[in-house]
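Heads up, the thing below is written out as structure tokens.
The values are calculated or read from the model by the stated rules, or taken from the named source; none is laboratory data. For clarity, every value in this text was computed on a predicted model and none was experimentally measured. Positions of Cβ are generated from backbone atoms using ideal geometry, with glycine treated the same way; all protein chains shown enter the neighbour counts.
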Ligand SMILES: [Zn+2]
């Protein structure tokens, strides 16, 4: 190793290479674990499962108005369900 001054750029670069070296195991688009085989809205079978899931929830919770399967726009990975409840004032 040469005699080298360690400046801010050195440490900036150092941090970057460290990240690249040990792949963080997350998808670059939506930061989901690549190990986790989640549902994908672009997969026909998965979509059916998502539909069934929402149908079941709607049947179970009467105060639920709708449910939105929120997915990654890049890879279609299902990220979360957003639940919309009925306005309580309606009762
Ligand atoms: Zn994604």
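Selection of first residues in the stretch 7-35 that are within 16 Å of the ligand (Cβ to nearest atom) and of second residues that are at pLDDT below 85, restricted to Cβ pairs under 9 Å at least 6 apart or on distinct chains, gives the following pairs, ordered by first then second residue: 25/35; 31/24; 34/23.
Table: residues versus (1) more than 11 Å from the chain's Cα centre (by Cα); (2) within 16 Å of the ligand (Cβ to nearest atom); (3) modelled with pLDDT under 95; (4) on the phi > 0 side of the Ramachandran plot.
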| position | (1), (2), (3), (4) |
| --- | --- |
| 54 | yes, no, no, no |
| 59 | yes, no, no, no |
| 76 | no, yes, no, yes |
| 82 | yes, no, no, no |
| 85 | yes, no, yes, no |
| 88 | yes, no, yes, no |
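Conditions (1) without any contact (Cβ under 8 Å) to a residue 40 or more places away in the chain; (2) over 26 Å from residue 87 (Cβ atoms); (3) out of contact with any strand residue (DSSP E or B) (no Cβ under 9 Å at 6 or more places or on another chain); (4) not in a loop (DSSP other than H, G, I, E, B), marked per residue:
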residue	(1), (2), (3), (4)
38	no, yes, no, no
47	yes, yes, no, yes
51	yes, no, no, yes
66	yes, no, no, yes
69	yes, no, no, yes
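Beta carbons closer than 8 Å, at least 6 apart along the sequence or on distinct chains, pair a first residue in the stretch 74-89 that is without any contact (Cβ under 8 Å) to a residue 60 or more places away in the chain with a second that is in a strand (DSSP E or B) and within 10 Å of the ligand (Cβ to nearest atom) for 75/40; 76/40; 77/40; 77/71; 78/40; 78/71; 79/71.
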